[in-house]
Structure formats: structure tokens, C-alpha cells
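The values are calculated or read from the model by the stated rules, or taken from the named source; none is laboratory data. Only a predicted model underlies this, so the values are computations on that prediction, with no experimental measurement involved. Positions of Cβ are generated from backbone atoms using ideal geometry, with glycine treated the same way; all protein chains shown enter the neighbour counts. For accessibility, only protein heavy atoms count, side chains too; no ligands or nucleic acids. Shrake-Rupley method; radii C 1.70, N 1.55, O 1.52, S 1.80 Å.
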Amino acid sequence: MRRPAPSVPPGSVRSPTEPTTREARWGRIRGPLLLWTRRAALALGAAGVAAGLAVWLVVRHYEADLPSVDELKRYTPPQVTRVLARDGTVLAELFTQRRTVVPIASLPAHVKLAVLAAEDAGFYEHEGLNYWGIARAFLVNLRAHSTRQGGSTITQQVVKNLLLASHERTMSRKIREALLARRLEQQLSKDEILELYLNNIYLGRGRYGIEEAARDDFGRGARDLDIAEAALIAGRIANPRDFHPRANLATALVRRAYVLDQMHAKGFLDDAKWRAARDEPVRLAPPSDGASELAPEAVEVARSVLYKLEPEQARLGGFTITTSIDPKLQAAARKAVRGVLEAYDRRHGLQGGLKPPPSVADKRGKSARPRDGAPFEGAPEFEQHKVLVGVVTGADDAAGTFDVRVGSAAGTVKLADYSRYNPAGLAPSAFAPVGARARVSLLAPVVDARAPLRLESGPEGAMVVLDVRSRQVLALVGSYEGQPGALDRSTQSRRQPGSTFKPIVYSYALHARRFTPATLVDPTPDAFEGGYHPGNFEGWQGKELLRLREALASSVNVAAVRVLRDVGPANVVPWAQALGIASPLKPDLSLALGSYEVHPVELAAAYATFAAGGIYREPELVTRIVGPDGRDVPLPERAPERRVLDDAEAYLVTSLLTSVVDHGTATRARVLGRPVAGKTGTSNGPKDTWFAGYSPDVAAVVWVGYDDGRLLGGAEQGAVTALPAWIDLMKVATEGKPRVDFPRPGGLVVVSIDKRTGNLPYPDDPDVMDEVFLAGTEPTQIAEPPPPPPGSAGAGVGAGAGAAGDAAAGVE
């Protein structure tokens, strides 16, 4: 039996060795508690280590194939290459991405602050990640059960756009983005990161970066933006399409107000600037895509030069190419070429729609043959670049097109591209009735028996305009349309120059001292070596001997052949090459009549040599190239200028060519009312028509013809088809300038001669004129009076002069 514990009287003291009830309880639980605490600590430590290891493994996993941040230190994004005219006018913008990189130091503070206010106000405080922003976005997305909001900083956006190049919304991409953002902040400064961002963000309408957006919106660079304009651009970063002022101005203004309010709230703007910016009206510049139809031929030449000099960097862009093109003369040249082509179209009934083939029979009972010829049969090939005759099979007025069958293929013509032939604006079905024949060429290879087509109803034209002193190209026209990438007939096509080659032959004859302007030449047709039997166009009937000046003025073919035979074709070929003709030439008598094809630009260079006193310089179009780094790209060395003729010889050639205008085949040019010199040209057929000429300041060449060598028609000739374009160009080139004569150098003498013989006049000679000679080549023999013919003394001379005048209206 258990004995009860003895009672302790009140006020008595317990022995220190005697445990209390509470202590006893603590004693009982303390041991297990300590044991479980140690176990929990160990478990938490193990979990922490495991979590750390897991994080380490995850980081190592995602770090394994991360791109190097160092790439952004050398990052060179694609930029716009601008091609400029001599006065700074933009001729074209070439790009894969329309971007112009600008250094951040060049931007005013309010431009940078507007972007920060719109996208990442704490950019300069965080280290690449905005944890509060990430948490806020997480909660919003969690409540919405979808990705509604992002927490990306500007640093993360740079990583996403430039290093990851991915916009997928996955946990994997976000982890990689966060890792790279931290690395980027360690490798680059804040300003360097912001510069990358400002130059690479997409801002709508095909523009990348703040500079291109500013040019597109306001017509000036980002460095010149005011506060409101900067806010308008920054406001659309989140949605460049829907927030763009050209798409929705009201929404863009709401976004601008948001950015300005953020700038004000963050202390970036004071009250006065904030209110002024909010009230500022939007003044957008006229929209421009940067392309120009003014001088696509010059742009292609400039592009070619750039790619030869910088084959690797050219594709990335960022260059500024300055050309010698004069915008005023370029526009005048294009207008002039279009004018003569449209005049030809009117003369030959090429406007107003295609004509179906005749259905009535001719007198012999056979169907009348259309001028365009029989339709092409077979498989057309794009690589051959041929003009083919097709048959219209249908039209779609709603689409503005008509279909043409070309052999085994079919294609579509977009009528709006050929307003030249449709000035009345006819619908395709009215312009191209079914069954009509159409001259077309393929614009692309045939795919699935179809290809886009180009309408080739009329001829094409080309013009080259050079500055006589510098030999810079002032204008370049290679087609009617003036489309980028089209065939440039001024520099890429070779055509027979016809009689425009004669001055090259005659200039050598003067240089060799074999002929003078007064030397008599026989114009009578004859059989020459090798059975060559040239004739005189328009059946030149004059049988009297002609002075060299009149033979050239009237473009008498046989006379030119006789001169060439005398001086030797083998001598004239290198002479022509020295004058700038690089195309292949053969030393035969047909050379005198321009039988060997040349580029229009070569002929222009040769005539400019005459105008420049006999000194040849190769034409120059690209005058400067500045690279993306602001440094000049060294241009190829121009070939040294060379003297081909002395200045007296060159002046004498010019003097002969002024007679072509004064009383020869180019009298229409007298309308200019100032000294000009030149020569008409027409090849056999006629297939090609030319005029090449110059004033003391400007040399220009015009060509008109069909690409496939189709005949232009019997009435067409250089004086009719090409010369009017040259006149129109020269009217603009000389507008407002004083009348200037060709400067006469030393080494020349002026002597009175007998017109009929070219010798010194006999006493009381009634037909006397002054002629210019190289010193030492003037005549010394006195002319004999002609035997008086019955009824009219000197009739022979009068007939010769009359024939020369009549030739002005003929074909040469």
C-alpha cells in the first residue's frame, strides 16, 4: 500500500533537489523535442542543399547552350543604305530591314526618358530583372488563367530580340532570358544596352529603331524630336501596328498622353513642359516609303559600286552613297524620253487598246497579216528575255488585268502598269479584246505553265547626260517606266549607232591631216572592197563633190565610207577606243556607218571629249561613299584623263557638228537659240534612232528603238524620233543661263574659200564662205571659175546647197 506524501506546511521551503511537477514534465519532453529539432534542421538543410543543387543543375542545364553576350558588343544590325543625288535628294533607300543606327549620345534626354517612361522607368536602378514587375505580372496572369502581362525589362527585351530571337512564352525561354539579362548587365553599361534597344525595336510601317520612326513620322531625325513627338513614338512600342498615328491617330494620342503622364509622375517633366506637350497638335510628315522613280538606273549603278567595294558589309547597309545626279535634269530627261515615246505611240496607233487581227480577206483571198506577226508557238523561256507575240484570252476588270496565251504558257498583264498605252483609262476588257495579239515578255520564269508578263507594244528609249567639264553623270534614263531592277538601256544595252559614229571617223581624218572641212568627197554610190555597196538614205541624188562639212551636215553615207577607206579602218578602231568606245569594233568599211553596237554611255563619253577640247575622262556617277562608322570608303581610282585630240582639232569637230544643226539633219535644234553641236543617227531598217550632241556645258545622247530590233517604221529617223527629246532636255539644261559660244583655241585660221571647190576664191567669186582650218592645212590653190552652164551660171553650187537642205528631212 502506497503511502501518502507528507504535507508541507505553509511558508516552509522546498529542498532544491526536490523536482517540481512542471520541471518534471519539461524533463520528460525536452529530450524528444531536441531530437526532432535536430532532425528537422537536418531535413531542412538537406532540402536546402537539394534545392540549391536543383537550382544549380537547372541553371547549368539552361546555361549549356546560351548564346554569348559578347556578340552584342560586336552587333551590327542591318541598316538602310541611302543613295543621294548631288544636292542631297534621296534617290533610294536600300535595306533588308529599314534601320538607321544612331549613337545614344546623339539623342536628347527627353527621347530616352519617353521610352523609359513607356517601357521601364526603373531601368537605371535594377540589375536586369524587375522582381516586383515579375511578381505583379505573375498574379495578373494567374487570375486571368492566361498570359496577359509581361514583366520584361528593357534588358530582357534586348536579350529576347537580339540573343534569343524568340517570342515564345514558355518557362524555359523566361529562364534563359533571365540568365542572359543578368549576364548582359554585367558585360555592358546601361547606356550600351539602351542604345541597342533604341536602334532595334520595331516601330511599325517597316521601320526599326527610333531614327527611322522619327524620319517616317516627322521627316527628321530622332535628335530633332521634341517631347510630344518622342512620347508619340514611345507610346506605340507595345503595339506598333494598332498604336501607330497613321493607323489610328485617336489611339496614338491616348498612348502619347499615357507616356507624358508617366514622365510627369516620375519627375522627368515639370508641370509646364507636361502641359505644353499634352496640348501640342500632331504634325505628321507626308508618308514616304523611301523609294523613288526619279533615277533607278543610277541607284543600280551605285549599288553595284558599293558591292564591289564592300562585298561583305554592303548587305548590312548603313552606307550613304552620293551620286552626281542632278534631280532637275534627271526629271527633265525622264520626261523627255517619255515624251518622244508617247509621240511615237500616237503616230503608230499604239494607244487606245490592242487591235484584234483582221477577219476580212485581202484581194488575194488570204487573211491580212497583222504587223505584230504570227503568235509564238512553243515553250517560252524567261532566260532568253525575248519579246513574243501572244493572244489575249480574257480579262478581269475587277482585278485590272488581262490574260495572254504565249505558246504553251499563259500569263497576266497588269494594265495599270502601262498607262502609256492606255491614256483614256479603258477597262482591261475594252483595252484587250479576246483574240487581240499582244507583244509581251516574261517577267519571271514559267511556273505551272504561268508567268507574269510585260506589255511590249512600243519601243523603249535611253538618255545619258554628262557634265562636259567633270564628266560626271547628270542624268541617266534607261527605260520609259523607270522601275528599280529594270533593264537599263543606257549602260546595259548595245545598239548600232548609225551616223552618230561618223564624227569619230571624221575627227580622225582631221587629226591625221588627211582631210579638212573643205576637202571634197565623192558622194556617188560605188562598190567597195569585199563587195560592200552602201547607199545614201532617201536616195541622195546629188552628184557633185561635197565638202567634208556638207557631207557630215547632210549625213551622206558614201562620203563617210570614202573618208574611212582613205584614213584606214584599222586606224579608226583604236581612235574610237581612245575616245571611250569600249564595245568591240572591227576594222572594216561598215564602221563608218555605225554598224557595230555601242552603249549609249560610251557614245556620250566620246562626244563629251569633243566638247571638252579633246580630253577624255571616264564618266563618273558615284562621288562619295560614307560607311556606317561615318568614315569615307575609298573609291576606285579613276583612270587618268588622256588627251585624244588637241584643242584645235576638237574645236574643228565641234564646228563641223554645228553645221548639222545650222543647215543639216538637225535643224530642229535651232529652236534652242544658242550654240549647240550634234549628229543624228539612224540604223538600217530603221531599227535604232539617235541624237548625240552637246553645248559648251552639257553633253547628251538619246536612243529610241525596240529591244528585239523590230523596225520602227519608214518615217522614223534620228531627227524625228530622238532629237526632240534632246531638245527638251537642253531647254532645261540651259534655262536661265547666258548664251555661251564654244571657246575657240589657238592653232586655227579662218580663210575665205570657194564653196564649190573648197579652194581659195577666184576674183569676183560669187559663192564665197569663211571656213575654219587647222593652221597649216588651209588651201593655197585658187579655184577655177566654173564653165558657165546654159542659162544659169553657178547652178551646180546652188543645186549642191539645195540638196544639203533637202537632206534635213531625210533618213540617214
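Residues that are surrounded by fewer than 18 Cβ atoms within 10 Å (Cβ to Cβ), touching a residue at least 60 places away in the same chain (Cβ under 8 Å) and in contact with a helix residue (DSSP H, G or I) (Cβ under 6 Å, 6 or more places away or on another chain) number at least 1 in the following helices (runs of 4 or more DSSP H) confined to region 153-243: 171-187, 190-200. Within the bounds of region 440-451, is there any residue that is open to solvent by 10 Å² or more (accessible area, probe 1.4 Å), at pLDDT 95 or above and out of contact with any Cys (no Cβ under 6 Å at 6 or more places or on another chain)? No, because not a single residue in region 440-451 is open to solvent by 10 Å² or more (accessible area, probe 1.4 Å), at pLDDT 95 or above and out of contact with any Cys (no Cβ under 6 Å at 6 or more places or on another chain). Exactly one residue among Arg315, Arg303 is within 17 Å of Val90 (Cα to Cα) and open to solvent by 50 Å² or more (accessible area, probe 1.4 Å), and that residue is Arg303. For Lys308, the requirement of being surrounded by fewer than 21 Cβ atoms within 10 Å (Cβ to Cβ), within 18 Å of the chain's Cα centre (by Cα), of a type outside the set (S, T, N, Q) and more than 25 Å from Glu481 (Cα to Cα) is met. Only residues that are open to solvent by 10 Å² or more (accessible area, probe 1.4 Å) and either among the small types (Gly, Ala, Ser) or touching a helix residue (DSSP H, G or I) at 6+ places or on another chain (Cβ under 9 Å) (or both): list them for region 452-468, please. Listed by number, the residues that qualify are Arg454, Ser457, Asp467. Taken over region 740-758, the residue count meeting the criterion of being part of a loop (DSSP other than H, G, I, E, B) and open to solvent by 40 Å² or more (accessible area, probe 1.4 Å) is 8. Of the strands (runs of 3 or more DSSP E) lying entirely inside region 653-708, those containing at least 2 residues that are farther than 23 Å from Asp326 by Cβ and touching a strand residue (DSSP E or B) at 6+ places or on another chain (Cβ under 9 Å) are 677-682, 688-694. So, Thr623, is that one in contact with a Leu (Cβ under 9 Å, 6 or more places away or on another chain) and in contact (Cβ under 8 Å) with a residue 24 or more places away in the chain or not? So Thr623 passes the test. Could you please let me know if Thr680 is open to solvent by less than 10 Å² (accessible area, probe 1.4 Å), among the hydroxyl-bearing types (Ser, Thr, Tyr) and closer than 25 Å to Gly458 by Cα? So Thr680 fits the description; yes. At least 1 residues being polar (S, T, N, Q) is the threshold, and among the strands (runs of 3 or more DSSP E) wholly inside region 384-489 those reaching it are 388-396, 401-406, 409-414, 437-442. Is one or more of the residues making up region 722-739 touching an Asp or Glu at 6+ places or on another chain (Cβ under 9 Å) and open to solvent by 40 Å² or more (accessible area, probe 1.4 Å)? Yes, region 722-739 contains a residue that is touching an Asp or Glu at 6+ places or on another chain (Cβ under 9 Å) and open to solvent by 40 Å² or more (accessible area, probe 1.4 Å). If you check Leu635, Leu645 for being surrounded by 19 or more Cβ atoms within 10 Å (Cβ to Cβ) and either more than 30 Å from Gln79 (Cα to Cα) or touching a helix residue (DSSP H, G or I) at 6+ places or on another chain (Cβ under 8 Å) (or both), only one passes: Leu645.
Taken over region 590-620, the criterion of being without any contact (Cβ under 8 Å) to a residue 60 or more places away in the chain and within 20 Å of Val473 (Cα to Cα) is satisfied by Glu602, Thr609, Gly614, Ile615, Tyr616.
Taken over region 509-562, the criterion of being farther than 14 Å from Glu812 by Cα, of a type in the set (Gly, Ala, Ser), touching a helix residue (DSSP H, G or I) at 6+ places or on another chain (Cβ under 9 Å) and at pLDDT below 90 is satisfied by Gly530, Gly542.
Look at region 751-767: where a residue is under 10 Å from Glu778 (Cα atoms) and a partner is charged (D, E, K, R) and part of a loop (DSSP other than H, G, I, E, B), sitting 6+ places away or on another chain with Cβ atoms under 7 Å, you get Val751/Glu778. Among the residues of region 249-297, the ones that are open to solvent by less than 50 Å² (accessible area, probe 1.4 Å), within 30 Å of Ala336 (Cα to Cα) and either assigned to a loop (DSSP other than H, G, I, E, B) or without any contact (Cβ under 8 Å) to a residue 40 or more places away in the chain (or both) come to 4 in all. Scanning region 501-535 for residues that are open to solvent by 20 Å² or more (accessible area, probe 1.4 Å) and under 42 Å from the mean Cα position of the chain (by Cα) turns up Tyr508, His511.
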